[in-house]
Amino acid sequence: MAHPFLVGLALLLVPFLSFKLWDSRRNHKRLPPGPAGLPILGNALQIPIEKSWLAFSRWSKTYGDVMHFSAFGRSVVVLNSKTAVFDLLEKRSAIYSDRPRSVLAGEMIGYADFTVMCRYGSRLKESRKIISSLISPRILPEVNALQEGQTLLLLPRLMNEPEKFYEHIRWYVMSVVWKITHGYDLPNLSAPLAQVVETVNEEFSHVTAPGNAYLVDLLPFLRHVPDWVPGTGFKALAKRARANLLRSRDEPYDMVKGQVARGVAPPSFTTTIIERNPNPTPEEEDVQRMTTSHLQAAGAETSIATIESFFFMMALYPELQRRAQAELDEVVGPARLPRCSDRKDLPYTEALVKELYRWNPVGPLGVPHSVMEDDEYAGYTIPKGATIVANTWAILHDPALYPDPHEPLPERYLAPAAQKADDGETLNPDPRAFAFGYGRRICPGRIIADDMLFILVANVLAAFDVSDAVTAEGPATTRTECVGSLMSRPPAFRCKIAPRSKAMEQLVASAGLDA
């Protein structure tokens, strides 16, 4: 027999959703076009969990660059073109810089307290102000030197245990980030600080994944229902995830705070923040803790996935690898490994990094925005509170912008900068203009992330040959598709990673000892 609470909830839910659907249609008669949905559910069952960016790209051929969906009475607007994304998220960023409300993930667990998911307001502005003050051209040489040092520690790991390259990539990205943000030398992924961050990343991915819908997000009052009521298991999930989130925020910060008090804190972003404001108010320290935790966690998973795509691309397209290696041999030579200062003299390697962002953007739909007031665009109403999704994958695979978009062609960026299409659009724009977000929510650490990727790519190609990618389905080919829901990444694969020569093997071994 059904529990009386659940019966009552069902009786409440149907008229509530019906009203939401009727109210949306009544007030917004000129919504952008989109596929017809079901009563109450809207289009919730039509949007695929896996690779939804591909479905949106296909549907845009029918409904246009600006499409509208609904899910349980909530509006979702998908932007599938550079023009629409820039017109709204860049030119009208004053009203398109909020994040959608999330009761479970954002409020109960607390992810909305952190920069990437923070609602638009004073807390977000203060956090971004702190980050901007830390990431200045003056400190980049120090950061680059740190990134280069960690790369020299990565190369011997790849050489000695190439079969563990997934583990090595994760350690590399997290070790760079920990060193920059907290001055912490991460020995391995089993370190307690690494483990709690890994747990937080897993929980975040779970509760924000498409298809993992929670009724409390639709009916927020359910968060106040007693824990013993059936169907409230989300409360235990929220409590556990929040405890892990606060631990990942506070333990590293308190570690550095204690080091500062004893005068032994190594240089780091957290050290700088604490020393600048040694006696913060509780509100100020809360923002400081949140910001340092954001700097530590944000972007780590996307950087890891991008590096996985790099190894996959090199194994599938050896001709790209050989051309970059020829350039590295000519410019850097055999006696040392590349540095970030070589970047200006390595145009093809730089172009390869750009194409890596474009060919498989790991955040194909970015992080959703939310519009803060009713807006009009292209003759349509975009209602206040609508979730705005930028289909970055569609932009970066638009043949009008990137001819032969499904082929990785680094040389496309070596053409004259003034090259124009028939409609006057600049061909092959720098994909980093799209890969790091838009408007006032653009990734504040993008310069550091981009430098890390370049240093990694240049060093791996100088030192190794990457080949023979194999997935669970057999040898990977250029037809092997990437997978994912929130992120796009290659399917799990193995590959060969071998030193390019005996001399390079010795150079890698000695560089690892000297780092």
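The values are calculated or read from the model by the stated rules, or taken from the named source; none is laboratory data. None of the values given here were measured: they were computed from a predicted structure. Every residue, glycine among them, receives a Cβ derived from its backbone with ideal geometry; neighbour counts consider all protein chains shown.
Looking only at residues that are in contact (Cβ under 8 Å) with a residue 40 or more places away in the chain and buried (at least 17 other Cβ atoms within 10 Å of the Cβ) in region 39-55, which one is farthest from Ser485 (Cα to Cα)?
Per the criteria, the residue is Ala44.
What number goes with the only condition from (1) among the aliphatic types (A, V, I, L, M); (2) more than 22 Å from the chain's Cα centre (by Cα); (3) assigned to a helix (DSSP H, G or I) that Ile95 does not pass?
(3)
Taking the criterion of being among the aliphatic types (A, V, I, L, M) and in contact (Cβ under 8 Å) with a residue 60 or more places away in the chain, would at least one residue in region 416-423 satisfy it?
Checked region 416-423: no residue is among the aliphatic types (A, V, I, L, M) and in contact (Cβ under 8 Å) with a residue 60 or more places away in the chain.
Considering only region 299-336, how many residues are surrounded by fewer than 22 Cβ atoms within 10 Å (Cβ to Cβ) and outside any helix (DSSP H, G or I)?
6
Hey, does region 116-126 have a residue that's in a helix (DSSP H, G or I), touching a residue at least 12 places away in the same chain (Cβ under 8 Å) and hydroxyl-bearing (Ser, Thr, Tyr)?
no
Among the residues in region 280-301, are any of a type in the set (S, T, N, Q) and free of Cβ contacts under 8 Å to residues at least 40 places away in the same chain?
Yes - at least one qualifying residue is present in region 280-301.
Name the residues in region 420-454 that are of a type outside the set (D, E, K, R), out of contact with any Asp or Glu (no Cβ under 6 Å at 6 or more places or on another chain), part of a helix (DSSP H, G or I) and surrounded by 17 or more Cβ atoms within 10 Å (Cβ to Cβ), would you?
Hits for region 420-454 are Phe434, Ala435, Ile448, Ala449, Met452, Leu453, Phe454.
Which residues, taken from region 290-337, are more than 25 Å from Ala476 (Cβ to Cβ), under 21 Å from the mean Cα position of the chain (by Cα) and not aliphatic (A, V, I, L, M)?
Of everything in region 290-337, those that are more than 25 Å from Ala476 (Cβ to Cβ), under 21 Å from the mean Cα position of the chain (by Cα) and not aliphatic (A, V, I, L, M) turn out to be Thr291, Thr292, Ser293, His294, Gln296, Gly299.
Quick check on my filter: what residues within region 48-75 are closer than 16 Å to Asp217 by Cβ and part of a loop (DSSP other than H, G, I, E, B)?
Phe72, Gly73
Considering each of Ser60, Ser93 in turn, give the residue that is of a type in the set (Gly, Ala, Ser) and more than 30 Å from Met290 (Cα to Cα).
Exactly one of Ser60, Ser93 is of a type in the set (Gly, Ala, Ser) and more than 30 Å from Met290 (Cα to Cα), namely Ser60.
So which pairs qualify, if the first residue must be in region 335-362 and closer than 20 Å to Glu148 by Cα, the second must be in a loop (DSSP other than H, G, I, E, B), the Cβ gap must be under 7 Å, and the two must be at least 6 apart or on different chains?
As it stands, the answer is Pro338/Val332; Asp342/Val332; Lys354/Asp430; Lys354/Pro431, since those pairs meet every condition given.
What are the residues in region 256-288 that are in a helix (DSSP H, G or I) and small (Gly, Ala, Ser), if any?
Correct list: Gly258, Ala261.
Taking only region 462-500 into account, find how many residues are in a loop (DSSP other than H, G, I, E, B) and either closer than 29 Å to Ala390 by Cβ or in contact (Cβ under 8 Å) with a residue 24 or more places away in the chain (or both).
Going through region 462-500 one residue at a time, the tally reaches 16.
Ser341 is checked against (1) within 25 Å of Thr477 (Cα to Cα); (2) surrounded by fewer than 19 Cβ atoms within 10 Å (Cβ to Cβ) and fails just one. What number does that condition carry?
For Ser341, the failing item is (1).
Can you report the number of residues in region 221-255 which are assigned to a helix (DSSP H, G or I), aromatic (Phe, Trp, Tyr) and surrounded by fewer than 17 Cβ atoms within 10 Å (Cβ to Cβ)?
1
If we keep just the residues of region 155-173 that are surrounded by fewer than 23 Cβ atoms within 10 Å (Cβ to Cβ) and among the aliphatic types (A, V, I, L, M), which is farthest from Thr306 (Cα to Cα)?
Restricting to residues being surrounded by fewer than 23 Cβ atoms within 10 Å (Cβ to Cβ) and among the aliphatic types (A, V, I, L, M), the top hit is Met159.
Just to check your reading of the model, which residue among Val216, Val197 is in contact (Cβ under 8 Å) with a residue 24 or more places away in the chain, closer than 30 Å to Pro141 by Cα and of a type in the set (Val, Ile, Thr)?
Just one listed residue meets the conditions, Val197.
Take Tyr253 and tell me if it is at pLDDT 95 or above, out of contact with any Lys or Arg (no Cβ under 8 Å at 6 or more places or on another chain) and over 16 Å from Met108 (Cβ atoms).
No.
Please go through (1) modelled with pLDDT of 90 or more; (2) more than 21 Å from Leu246 (Cβ to Cβ) for Asp217 and return the number of the only condition it doesn't satisfy.
Every condition holds for Asp217 apart from (1).
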